Every structure is written in C-alpha cells, then in structure tokens.
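FYI, it's all coordinate maths here, none of it is from the lab. Remember, predicted model here, so these are calculated numbers, not experimental data. Cβ: placed from backbone, ideal geometry, glycine included. Neighbour counts: every protein chain shown.
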Ligand SMILES: Nc1ncnc2c1ncn2[C@@H]1O[C@H](COP(=O)(O)OP(=O)(O)O)[C@@H](O)[C@H]1O
Ligand SMILES: [Mg+2]
C-alpha cells in the first residue's frame with residue numbers, strides 16, 4: 001500500500017520528464033523547420049510570386065528597434081555605471097583602479113550590451129510577436145491567410161525575423177555606445193579621468209574582433225527570439241488565456257535560450 | 001448512350017469521397033461522401049459538434065484527410081503542388097465563423113489584401129474594387145474603420161466582402177448568421193442568394209438555423225456525429241420519413257431514453273473527471 005503511494009508519484013514524475021523531453025525535442029525540430037522555411041521564402045519568395053514585403057519588414061523594424069531605444073539606453077547606461085562602480089571598487093584592492101577601463105570596455109562590448117539588448121527585445125518584441133500570432137491563430141486569421149493563398153511564414157514570420165536580425169545588432173551597437181559613455185562619465189567623476197582620455201583608452205583596448213563578437217552574438221539572439229516566439233505563438237490553444245500562457249512561455253524560453261547561448265558562445269570563442 | 005446524359009448533367013465542382021478525419025484519437029468524420037454541383041447553394045446542417053466546420057475545413061484544404069479524397073474544381077487536393085494549390089485558392093473564397101478579419105488592418109485593407117498579394121493592379125483600382133464589394137454587402141463607407149469598431153453583423157458582412165473580392169468560383173460560409181438578430185441574418189441570406197444569382201457562384205453554407213437553410217438551400221446535407229444522414233432538396237428533407245431527421249427538424253433532443261443506471265454512471269463519471277482535472 002505504502003509502496004504504491006511512493007511508487008505512483010515517482011512514476012508520474014518520470015513520465016512527466018519523459019513527456020517534457022519529447023515535447024522539447026519536438027519544439028526544437030519545429031524551430032529548425034521554421035528557420036529553414038523562413039530562409040526559403042526570403043530567398044525564393046519572388047520566384048513563387050510571393051515576395052517578402054519590404055514595407056512589412058520596415059513596420060517590424062520600427063516596432064522592434066525605434067520603440068526600444070529609450071529602455072535600451074536606460075538599461076545600458078545603468079549597467080555601464082554599475083560596471084564602473086564595481087570595477088573601481090574591486091581594483092582599489094590592488095591600487096589599480098585606473099585600469100578599470102579595460103574591464104569596462106571588454107565587458108560592455110562583448111557581454112553586457114548584447115545580453116541586455118537581447119533580453120529587452122525578448123521582453124518587448126518577442127512577447128508581442130508570440131501574442132500577435134497566438135491571437136491570430138485563435139481568431140482563425142492564420143487559416144484565413146492560408147485560404148487566401150498567402151503563406152503565413154512568408155507574410156508574418158519572415159518580416160519579423162529579418163527586422164530582428166537587423167535591429168538587434170543595431171540596438172546592441174547603440175547600447176555599446178551608451179554603456180561606454182555612461183561608464184566613462186562615472187569614471188571621470190570618480191577618478192578624474194577626462195572623457196577624451198577614457199575613450200582614447202577604450203579604442204586602444206578594443207579590436208574590431210571584440211565588436212564583431214558582440215554584434216554577431218546579438219544577431220544570433222535575434223534569431224533565437226524570433227523563432228522561439230513564433231513557435232510558441234503558433235502552438236496556442238484555448239482562448240485569450242492560452243495566448244497569455246504562450247506569451248509568457250515565449251519570453252521565458254527566449255531569455256533562457258539567450259543566456260545559455262551566450263555562455264556557450266563565450267566558452268567556444270575564448271578557447 | 002452516355003452522350004445523352006453527359007450534356008444535361010451539371011459539373012460537380014466539389015467531390016468528396018469517403019472522407020475520414022481524426023483530431024488526435026477522436027474520429028470526427030466517418031466516411032463522408034458528397035458532391036456539390038456548379039451554381040448550387042449547398043447547406044450543411046447538423047447539431048453542434050457534428051463535424052460541420054471540420055468538413056468545411058477539409059473542403060478548403062486546411063486539414064489533411066486520414067483517408068478518402070477531396071476534389072475541388074476537378075483537382076485532387078492531396079496531390080496538388082504548393083503552387084497549384086495557391087492558384088486553386090484564388091478561386092475559392094471563405095467567410096469564417098467569427099469573421100477572422102485581420103485586426104491590425106482596416107476593413108478596406110482586409111478586403112484588398114488578396115488583390116495586393118495576387119495581382120499587379122494599381123492602388124486606385126484596388127480601392128474601387130474594394131468599394132464595389134463593400135457596396136454589395138451594404139457596408140459602403142466603412143472601409144477606414146478597424147474591425148474592432150464593427151458590430152457582429154458588420155463583421156460577418158465585411159468577411160463576406162473579403163471572401164468575394166477575387167470573384168471566386170466557390171464561396172464557403174461557416175455559420176454566416178449565427179448570433180445575429182433575425183433582420184440582419186435574413187439580410188445575409190439574401191446576400192448569399194444574390195451572389196449566386198448574379199454571378200453563378202457555387203456556395204457551401206454551414207448553418208444550424210433551419211429557417212435560413214430552407215430559405216437559401218438548393219440542396220441540404222445533414223451531418224450527424226460525423227456521418228451523412230441525408231442529402232437532398234428542401235422538399236425531400238421536409239417529407240423525409242426517418243424519425244431521426246424529423247426529430248432534428250423539430251429540434252427534439254435525441255437519446256432521451258436512457259436507463260437509470262447509464263444515466264447515473266454518466267453523472268458520476270462526469271463528476272469524477274471534473275474533480276480530477278482541477
Ligand atoms: N482543433 C481541434 N482539436 C481537437 N478537436 C476538435 C478541434 N476542432 C474541433 N474539434 C472537435 O471536433 C468535433 C467537431 O467539431 P466541429 O467540426 O467544429 O463541429 P460543428 O462545426 O459541427 O459544431 C467537436 O467534437 C470538436 O470538439
Ligand atoms: Mg462549427
């Protein structure tokens with residue numbers, strides 16, 4: 001009797017893990033297919049007389065990019081200052097606080113700017129994308145596109161993906177600048193280093209490689225956000241409540257994907 | 001001999017043969033066969049959950065059959081290439097149950113979308129064509145409104161306008177008058193009749209409103225639990241001897257006779273599964 005009581009939840013637990021794993025693999029497969037299909041439409045849409053529309057891409061770019069500028073600036077600036085405070089505090093132990101610029105420059109450009117930008121875009125645009133697709137699916141708008149002979153991947157997904165792949169690196173570059181500037185201002189106030197001297201040092205330290213590392217990573221984040229959001233949005237079931245659920249899932253999963261990818265990327269590149 | 005028959009026999013634009021369909025493990029359609037003839041209004045009736053919408057989804061190639069074939073305008077849907085399917089889809093129009101208007105576009109943009117995507121017409125021509133269709137559904141002057149600003153009846157009519165923008169050969173309507181007041185719903189019936197009479201469109205309408213079905217139908221298909229109970233004219237349906245069909249027409253609930261044990265089992269069964277799902 002007692003045996004069964006402990007056996008049952010354990011079995012159920014294992015079963016849940018198994019189901020979760022199967023579902024995870026299925027979703028990975030769906031993500032792969034989606035990337036493939038999107039690239040297919042971008043490349044050969046014109047030949048199929050179903051081109052990916054430039055104006056649709058621009059609408060998405062405005063939404064993803066321009067709308068995010070204030071919050072990206074705020075976050076990047078805050079993180080820049082935070083890095084400066086932390087760096088100076090730590091380096092003081094060795095009496096090497098003037099070297100703080102090295103730490104700031106590398107951390108902002110290679111890690112923090114892409115990461116924070118990716119997280120903000122996941123929260124703003126990834127959730128919006130998942131919610132939009134989920135709502136459209138529930139309202140049969142996706143079915144309507146199908147019967148009108150308009151491929152939804154071409155019409156909805158491709159513009160969003162292209163827009164993100166352009167705007168996330170652009171926003172990352174912007175947050176590089178804001179982060180470095182904010183940190184520079186703090187360093188100037190705290191250590192009395194002039195902004196000009198600070199930026200001279202930053203440029204001296206950073207190579208194009210470092211910049212590309214950050215930007216390349218952010219383009220990868222863009223793909224992750226778009227694909228995870230679309231797959232979640234399209235998997236909606238139930239009514240408005242279902243849309244809420246998949247939206248949350250989309251944001252949580254894309255932020256997790258971003259952080260894990262970031263770690264893997266850093267590990268591979270620094271070897 | 002066959003020559004004598006051939007010319008008088010009207011062409012079938014939709015041919016369904018032995019269609020079987022599942023959602024997961026649940027069988028929804030159990031071998032449905034059906035012909036729709038060019039220029040007729042075929043009404044599909046049946047109780048809620050009998051598979052009407054599912055059948056309609058198969059006719060517009062939104063679902064894949066488990067077995068059986070669906071032929072539209074003499075093309076087997078299962079064997080069409082992506083490109084041929086797109087070409088075929090330009091010849092059908094669909095008014096979905098909830099309208100399914102794109103909520104981020106104005107009514108006019110909704111109606112023009114197909115023109116925009118499938119033709120090279122200039123914007124002025126497109127706008128004129130959209131206004132013409134809005135005129136047909138009595139919505140002239142509403143093209144700049146968003147779908148969220150329309151009433152239920154207006155949404156259905158706008159959806160109808162979008163469905164006919166490419167002058168389709170076949171028009172599908174899922175519950176065009178469900179949830180509307182009698183006046184509006186009768187106006188939509190008139191609209192369907194007008195479309196058929198004016199341009200010879202073939203129309204397939206799903207409805208569970210008897211009155212509306214009797215008013216517009218050339219033939220009626222009665223679907224029950226995924227099976228076809230009856231296909232024939234309105235007259236034939238009215239005079240049909242089957243008790244099951246007469247029950248349906250008179251809106252009498254079926255399965256009223258059930259022994260007490262089964263009833264109790266069903267009640268407790270529902271109770272248990274209800275508690276488990278919480
Ligand atoms: N997407 C779906 N997934 C699972 N079951 C479904 C789905 N759509 C419909 N069903 C089920 O199929 C049956 C037939 O549904 P439907 O064709 O919509 O009926 P009707 O339109 O005649 O009311 C119903 O029992 C419904 O619960
Ligand atoms: Mg239905």
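Side notes on the structure shown:
- The Cα atoms of the stretch A:53-269 cover 68, 32, 32 Å along the three principal axes, with the biggest extent listed first.
- For the protein assembly as shown, the antiparallel share of DSSP beta bridges with both residues in that region comes to about 60%.
- Sequence-separation-based contact order of chain B, relative, with Cα cut under 8 Å and 6+ spacing, percent: 23 percent
- With Cα atoms, 0 to 90° folded angle of helix A:127-138 axis to chain A main axis: 10 degrees
- Whole-Å distance, taken between Cα centres, linking the stretch B:161-199 and the stretch A:1-74: 38 Å
- 10 Å Cβ neighbours from other chains, averaged over peptide B:52-63: 1
- Value of Rg to Rh for the stretch A:209-257 (Rh from inverse mean 1/r over Cα pairs, i.e. Kirkwood): 1.18
- For the protein assembly as shown, the C-alpha radius of gyration divided by 2.2 N^0.38 Å, with N the number of residues, is 1.25.
- Modelled FRET efficiency - R0 45 Å, residue B:104 with residue A:92, Cβ distances, 0.05 increments: 0.25
- Legend: mean number of C-beta atoms from other chains within 10 angstrom of residue C-beta atoms, peptide B:83-95, equals 3.
- Helix B:107-118 axis, angle to chain B major axis (alpha carbon atoms, nearest 10°): 80 degrees
- Short-range pairs are left out: with C-alpha atoms under 8 Å and at least six residues apart, the relative contact order of the stretch A:53-269 is 35 percent.
- When peptides A:245-256, A:192-203, A:150-161, B:146-157 are ranked by their average number of other Cβ atoms within 10 Å per residue, the highest-first order is A:150-161, A:245-256, B:146-157, A:192-203.
- P(r), alpha carbons of chain B - 5 Å bins starting at zero, rounded %: 1, 5, 11, 14, 16, 15, 13, 10, 6, 4, 2, 1, 0, 0
- Peptide A:48-56 has a mean of 2 when you count, residue by residue, the C-beta atoms of other protein chains within 10 Å of its C-beta.
- Helix content alone sets the calculated 222 nm mean residue ellipticity of chain B: runs of n ≥ 4 DSSP H residues at -39500 (n - 2.57) each, divided across all residues, give -12000 deg cm²/dmol.
- Listed from fewest to most Cβ neighbours within 10 Å, the set A:101, B:79 follows the order B:79, A:101.
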